[in-house]
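Enquirer: Take a look at the following structure, please.
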2 protein chains.
Amino acid sequence: MYRTHNCGELRKSDIGKQVTLSGWVQKIRDKGFMIWVDMRDRYGISQLIFDEQRTSKDLLNQAKSLGREFVIQIHGEVIERASKNQNIPTGDIEILVKELTILNSSTTPPFTIEDNTDGGEELRMKYRYLDIRREPIKKNLILRHEITQQVRKYLSDNSFIEVETPCLIKSTPEGARDFIVPSRINEGDFYALPQSPQTFKQLLMVAGLDKYFQIVKCFRDEDLRADRQPEFTQIDCEMAFVEQDDVLNTFEGLITDIFKKIKKIDINKFPKITYEQAIEIYGTDKPDIRFGMEFVELNDVCQHKDFNMFNSAELVVGIVVNGGNTFTRKEIDKYIDWIKTPQVGAMGMVYLRCNDDGGFKSSVDKFYDQADLKNIAEKTKANKGDLIMILSGDKNKVRSQLGALRLELAKNLGLRNSEEFAPLWVVDFPLLNWDEEENKFHAMHHPFTSPKPDQIDLLKTSPSSVKANAYDLVINGNEIGGGSIRIHNKSVQEQMFKCLGFTKKESEEQFGFLMNAFKYGSPPHGGIAFGLDRLVAILGGSETIRDFIAFPKNNAGRDVMIDSPSKISKEQLKELKLKQDL
Amino acid sequence: MYRTHNCGELRKSDIGKQVTLSGWVQKIRDKGFMIWVDMRDRYGISQLIFDEQRTSKDLLNQAKSLGREFVIQIHGEVIERASKNQNIPTGDIEILVKELTILNSSTTPPFTIEDNTDGGEELRMKYRYLDIRREPIKKNLILRHEITQQVRKYLSDNSFIEVETPCLIKSTPEGARDFIVPSRINEGDFYALPQSPQTFKQLLMVAGLDKYFQIVKCFRDEDLRADRQPEFTQIDCEMAFVEQDDVLNTFEGLITDIFKKIKKIDINKFPKITYEQAIEIYGTDKPDIRFGMEFVELNDVCQHKDFNMFNSAELVVGIVVNGGNTFTRKEIDKYIDWIKTPQVGAMGMVYLRCNDDGGFKSSVDKFYDQADLKNIAEKTKANKGDLIMILSGDKNKVRSQLGALRLELAKNLGLRNSEEFAPLWVVDFPLLNWDEEENKFHAMHHPFTSPKPDQIDLLKTSPSSVKANAYDLVINGNEIGGGSIRIHNKSVQEQMFKCLGFTKKESEEQFGFLMNAFKYGSPPHGGIAFGLDRLVAILGGSETIRDFIAFPKNNAGRDVMIDSPSKISKEQLKELKLKQDL
């Protein structure tokens, strides 16, 4: 037996016990006549002591031969520490070692195994198995485990069945970003890896399973963006005989339960706002509502005052920075420069200082007198000491620019507390998206998303105004989940395909298989999928999903630890009847 | 809201309640003036009643328009049934329908949605979403869900952490059966799908996670055998600082818990036998021990009696069929014919009847007198009324032939009760396997499997006799799981590579990556992996794993429901810089 206890569990009450422990050498303090070794395993750290008076010379020498990250087994007696360490649970005791076995030596690690390591991202990824020994990463993986366990428990307790759907599926014409997998046995044929189990979960509803979930790997061979992974994990769910509120209530329950059980945080009813409101108030469909700074539309108080930039703008809109009048001119200029950078793309910004004396000072004093400025300030509900920032221009663009500015301000002003959580539902997304280039509608969610029940007739007369029976869960400015009620009625589905510009033949080719299944009694159904990687990261107080994946890939889709993807042999390609055409 | 209750929950105590139910039309009995409809959902069946006296004419007519598998919603009152049905939990009540909404109609299904369907395997697979509506398949999927939930609970409660390992990994030279995945972004490079997370779980032990598990999809592009799937699911586990007994105790605990919680069956300590014993007593390394019929070696009582076939045989070995003396000559001949078929391959069989009068009658009476036969019978411990079947020949072949005969007899005699479960551990497998063709050793498990602790020195002097620190879990004649203690010592690993005939360069190329990780303090570790599909099938009382997979592939690796694998477009191939070379 390698151990009687782990390195995190011995306490004062164990004093006098003979114990065997195994673990890694974390730290050695060698005073010559006395040696302390911090011994680490997943569960904690125990201090070992060797000293001239109580330890044999051989054993002392053996202890001196230890190095960082050596794997050792010790046998000894639990004794009370002379100087206690209140920072660790085992800090009252130490182990007077009587036997020491070196189970394995270790080369010096390429970076320190400490909370704040000296290893850079690249090095940490290459030696991920050492990175995971570090407390912060280990904690993240344990958090991920706890969350998935709790998700499964909650959903199971609520009659959901976890069903594994296949990983080797079929590439579809619209699946341009499918990973494909050549089949050796079915010569010339290919499987595809699922971008999501969408089709299968809808089939499981047709199959009568009623409530389905799965924590499942999905795959997308996408052009790469920061913090995207070619393989990612979803909590995928679907329910039959439900309307939107049934779905929202069920999954609000799930998320509330996770916060309660994992983070010990009670979250009240999630606010629900429409897509339109979100865009109008926050300039984004995934607003971070941990802080206010809501948009105020100012056309009525800003236009027709001889200031052409505002007068010609479709929208004039501002936000109030509480206490922002303390910003120096230099600080304000920095924001102006920032919003003019290509990634934000605003033309300029107007600001208005609300002085402590009740007066106003703006960058457009030439066009607006104190009464005008007071009007604006009153409209925004700004107080003395506040700063108002105003953008103008094309409605869509200016909202997204102001949304970006709002987040930048929040970041700089520390308004985004990573230990605070503000979930909300965004609902009533547009059903269709007009593609200027292709001159046709696209489904904003997917072609099986149902219109809002009372808007089905609008599909024929005014498709662009139809709202979808679709919803997103947003937490702290991140889209954590999204879903919809599906179309289960054949004539609505046909109308939808018509709007999307599919001929009967095209819709048959692309979706015939699922449509065929729907002929045999498809129940009304709907669902949602959550991005597990992101959810765990948010709960872990971070926005870097890589730190919550055991073996992540980098921004180029590469696993630098195992050096993948990589070349394969000609023989392998030949067996698959493939040739490279580089 | 689509329902106030599901179709399985209404009882006598609900009589008088107004309820709304949704579900499928299972069956319609139309007496003209009265119509009963069985309405089904996942949770059960509720009987609806429409009758002339209490139902409006319109509603009655609407009820008459229903067809099998229509999706309906009804509103009505729970009433007591005139003639109760004790076979279903809702059999005391029925619902007098007041409103009926047809949510969806259904085309007539290609087979009946009944426990014993008229649909053949092929048709059921093609319309799997209808097949799953059938109670037996639905039950199997729910059983699978319950087992995976319980596995996760047990392991989590025992400090295991579930960690997701990557699905897009790297092809290895020995990975001839890897599925490969071309990367679009990393031109000319390929990922591979994992045959198992073996490397990653060992890395997690190096990473200090101590106890890991994962319920995980694995992939093998294998030549096809009956009941094999190209994608299959494993319960994959690994532990650090363990010896063989620690692993066996832990997972005996898991399996015992599953039987207890899922099947309500108490299973005592699992027997443990060595590989050698299994082969000698049952002719297989995965013995079905639900019944006896153990082998008895008969060389000493059968040889040197002038019967050349026995005298020239390396092994003469028999089994006793209790009560087998009732077999007719014809029946015995059928077994003789059967064992001579090419898939069994025996040359012939000798039999010995133990008559009720204490005398014996054998097929070799010419060579053996009554005393000789009595000797044989006593050695086998056969009683009056039994039949002894004896095979002879080359040791390895004859054992496997008699093992097959033993199972065939058990099948025909009904000795394999699918509701009885007999798990056992098979241990001490040979470490190495001599490959006659390639004239070298192969690792029987894998190259990181440790020899038994006391046999490490034998690696140098007598590698073929070294036993591995490896173990299999066998239930009812099926290998359910297997694993080993891994080598964590560098010099033992080098010795192992030497035995396998790897040069330093070759072992570096093939395993350098893992070996490199081992340099940084690898703990002693070991693990096991269970085949989930098989485990669930066994617990479900079946040996057909396909019935326990939601969307299985057929024996040609094809999903006939979605018609996959399939051709992909030239554009897709071009983007991947690949050409077909058929």
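The values are calculated or read from the model by the stated rules, or taken from the named source; none is laboratory data. Just so it is clear, the model here is predicted, and its values are computed rather than measured. When we count neighbours, we look across all protein chains shown, and the Cβ atoms used for this are built from the backbone with ideal geometry, even at glycine. Side chains included, ligands, DNA and RNA excluded: accessible areas come from the protein's heavy atoms. Shrake-Rupley method; radii C 1.70, N 1.55, O 1.52, S 1.80 Å.
Enquirer: In chain A, what percent of the accessible surface is made up of carbon and sulfur (1.4 Å probe, ligands and nucleic acids excluded)?
Expert: The C+S portion of the solvent-accessible surface of chain A is 46 percent.
Enquirer: Just read off the accessible area of A:LYS126 with the full protein assembly in place, 1.4 Å probe, to the nearest 10 Å².
Expert: Solvent-accessible area, nearest 10 Å²: 100 Å².
Enquirer: On average over all directions, what projected area in square nanometres does chain A have, based on the convex hull of its Cα atoms?
Expert: Taking a quarter of the hull surface, the average projection is 37.0 nm².
Enquirer: Moving on. How far is helix A:504-518 tilted, in degrees, relative to the longest principal axis of the Cα atoms in chain A, given as a value from 0 to 90 rounded to the nearest 10?
Expert: Tilt of helix A:504-518: around 60 degrees.
Enquirer: How much accessible surface does B:SER171 have with a 1.4 Å probe, in Å² rounded to 10?
Expert: Rounded to the nearest 10, that gives 20 Å².
Enquirer: Ordered by residue, what ³J(HN,Hα) values in Hz, to whole numbers, does region B:527-535 give under the Karplus form 6.51 cos²θ - 1.76 cosθ + 1.60, where θ = phi - 60° and Gly and Pro are x?
Expert: x, 7, 9, 10, x, 5, 4, 5, 4
Enquirer: Can you put B:ARG3, A:ARG152 in order of accessible area, largest first, using a 1.4 Å probe?
Expert: Highest to lowest solvent-accessible surface, that is B:ARG3, A:ARG152.
Enquirer: Give the nm distances, rounded to one decimal, from A:LYS460 to the matching residue in every other copy, measuring between label points 7 Å along Cα toward the beta carbon; shortest first.
Expert: 9.0
Enquirer: Cβ under 12 Å from B:LYS452's Cβ, B:LYS452 left aside: what net charge do those residues give with Lys, Arg +1 and Asp, Glu -1?
Expert: Counting the neighbours of B:LYS452, the net charge comes to -3.
Enquirer: May I pose another question? List, in order, the whole-Hz ³J(HN,Hα) value for each residue of region B:281-294 obtained from phi through the Karplus relation with A = 6.51, B = -1.76, C = 1.60 and θ = phi - 60°; use x for Gly and Pro.
Expert: 9, 10, x, 7, 8, 10, x, 8, 9, 5, 9, x, 6, 6
Enquirer: So what is the orientation-averaged projected area of region B:12-104, using the convex hull of its C-alpha atoms, in nm²?
Expert: Quarter of the Cα hull surface area: 5.5 nm².
Enquirer: Ok, one more. Return the long-range amide H neighbours of B:LYS452 (sequence gap of 5 or more, or a different chain), with a cut-off of under 5 Å between placed amide H atoms.
Expert: B:LYS467, B:ALA468, B:ASN469
Enquirer: Apply the Karplus curve 6.51 cos²θ - 1.76 cosθ + 1.60, θ = phi - 60°, to the phi angles in region B:85-99 and return the couplings in whole Hz, x for Gly and Pro.
Expert: Values per residue, Gly and Pro as x: 10, 6, 7, 10, x, 9, x, 7, 10, 9, 10, 7, 7, 10, 9 Hz.
Enquirer: To continue, here is another question. What are the residues whose amide H is under 5 Å from the amide H of A:VAL560, where those residues sit 5 or more places off or on another chain and H is modelled from the backbone?
Expert: A:ASN554
Enquirer: Could you state the angle between the C-alpha long axis of helix B:244-263 and the longest principal axis of the C-alpha atoms of chain B, as a value from 0 to 90 degrees rounded to the nearest 10?
Expert: 30
Enquirer: Hey, can you list the residues from region A:195-220 whose accessible area shrinks by 20 Å² or more with all protein chains present, relative to the chain by itself (probe 1.4 Å, no ligands or nucleic acids)?
Expert: Residues shielded by partner chains are A:PHE200, A:LEU203, A:LEU204, A:VAL206, A:ALA207, A:GLY208, A:LEU209, A:ASP210, A:LYS217, A:PHE219.
Enquirer: On to the next question. For a quick check: with amide H placed at 1.01 Å from N, whose amide H comes under 5 Å from A:GLU162's, ignoring anything fewer than 5 positions away on the same chain?
Expert: Counting only residues 5 or more places away or on other chains, the set is A:PHE213.
Enquirer: What dipole magnitude, in Debye to the nearest 20, does region A:435-582 give about its Cα centre under +1 on Lys/Arg Cβ and -1 on Asp/Glu Cβ?
Expert: Dipole about the Cα centre, nearest 20: 480 debye.
Enquirer: Another question about this same structure. Would you mind working out the magnitude of the charge dipole of the protein assembly as shown relative to its Cα centre, with +1 at each Lys and Arg C-beta and -1 at each Asp and Glu C-beta, to the nearest 20 Debye?
Expert: Here the protein assembly as shown has a charge dipole of around 500 debye.
Enquirer: Assuming a ≥ b ≥ c are the square roots of the Cα gyration tensor eigenvalues, decide whether the protein assembly as shown counts as rounded (a/c under 1.5), prolate (otherwise, with a/b larger than b/c) or oblate.
Expert: Values: a/c = 2.12, a/b = 1.32, b/c = 1.60.
It comes out oblate by the Cα gyration axes.
Enquirer: So what's the net charge close to B:HIS145: Lys and Arg +1, Asp and Glu -1, counting the other residues with Cβ under 14 Å from its Cβ?
Expert: Neighbourhood net charge equals +4.
Enquirer: Please compute the contact order of chain B in relative form: average sequence separation of alpha-carbon pairs under 8 Å and at least six residues apart, divided by the residue count, as a percent.
Expert: Normalised by residue count, the contact order of chain B is 13 percent.
Enquirer: Next up: If you take the accessible area of A alone plus B alone and subtract the pair, what total do you get in square angstrom, rounded to 100, with a 1.4 Å probe?
Expert: 10900
Enquirer: Let me ask another. In what sequence, largest accessible area first, do B:TRP434, A:TRP24, A:TRP338 appear using a 1.4 Å probe?
Expert: Values: B:TRP434 115, A:TRP24 5, A:TRP338 60 Å².
The ranking, largest first, comes out as B:TRP434, A:TRP338, A:TRP24.
Enquirer: Any idea what angle helix A:490-499 forms with the longest principal axis of chain A, computed on alpha-carbon atoms, 0 to 90 degrees, nearest 10?
Expert: Helix A:490-499 sits roughly 80 degrees off the main axis of chain A.
Enquirer: Accessible surface of B:HIS488 in the full protein assembly, 1.4 angstrom probe, to the nearest 10 Å²?
Expert: 40
Enquirer: What net charge do the residues around A:ARG416 carry, taking every other residue with its C-beta under 10 Å from that of A:ARG416, with Lys and Arg at +1 and Asp and Glu at -1?
Expert: Charge balance near A:ARG416 sits at -1.
Enquirer: Compute the relative contact order of region A:196-285 as a whole-number percentage, counting only Cα pairs closer than 8 Å that sit 6 or more residues apart in sequence.
Expert: The normalised contact order for region A:196-285 reaches 21 percent.
Enquirer: Could you work out the pair-distance distribution P(r) of region A:116-273 from its alpha-carbon pairs, with 5 angstrom bin width and percents rounded to whole numbers?
Expert: 2, 7, 12, 14, 15, 16, 15, 10, 6, 2, 1, 0
Enquirer: Treating the point 7 Å from Cα along Cα-beta-carbon as the label, what are the nm separations from A:GLN370 to the other copies, to one decimal?
Expert: Those label-point separations list as 13.6 nm.
Enquirer: In nm to one decimal, list the spacings between the B:LYS17 label point and its equivalents in the other copies, with label points set 7 Å along Cα to Cβ, shortest first.
Expert: Those label-point separations list as 5.2 nm.
Enquirer: In addition: May I ask for the Rg/Rh ratio of region A:363-425, computed from Cα atoms with Rh as the Kirkwood radius, given to two decimals? Intermediate results must be reported in sequence, preceding the final value.
Expert: Numbers: Rg = 15.1 Å, Rh = 14.3 Å.
With Rh from the inverse mean 1/r over Cα pairs, Rg/Rh is 1.05.
Enquirer: Can you sort B:ARG133, A:ARG68 by 1.4 Å-probe accessible area, starting with the largest? Don't skip to the end; give the middle numbers.
Expert: Numbers: B:ARG133 15, A:ARG68 95 Å².
Of B:ARG133, A:ARG68, the descending order of accessible area is A:ARG68, B:ARG133.
Enquirer: Per the helix-only calculation at 222 nm, which mean residue ellipticity applies to chain B, given -39500 (n - 2.57) for every DSSP H run of n ≥ 4 and division by its residues, nearest 500 deg cm²/dmol?
Expert: So the helix-based figure for chain B works out to -8500 deg cm²/dmol.
Enquirer: Separate question: Please compute the per residue accessible area over the protein assembly as shown with all protein chains in place, 1.4 Å probe, rounded to a whole number of Å². Working shown, then result.
Expert: On the way: 49360 Å² over 1164 residues.
In whole numbers, the protein assembly as shown has 42 Å² accessible per residue.
Enquirer: Shifting gears a bit: Can you classify region A:77-122 as rounded, prolate or oblate using the Cα gyration tensor, where a ≥ b ≥ c are the square roots of its eigenvalues, rounded means a/c under 1.5, and otherwise it's prolate if a/b beats b/c and oblate if not? Don't skip to the end; give the middle numbers.
Expert: Values: a/c = 4.74, a/b = 1.50, b/c = 3.16.
Here region A:77-122 falls in the oblate category.
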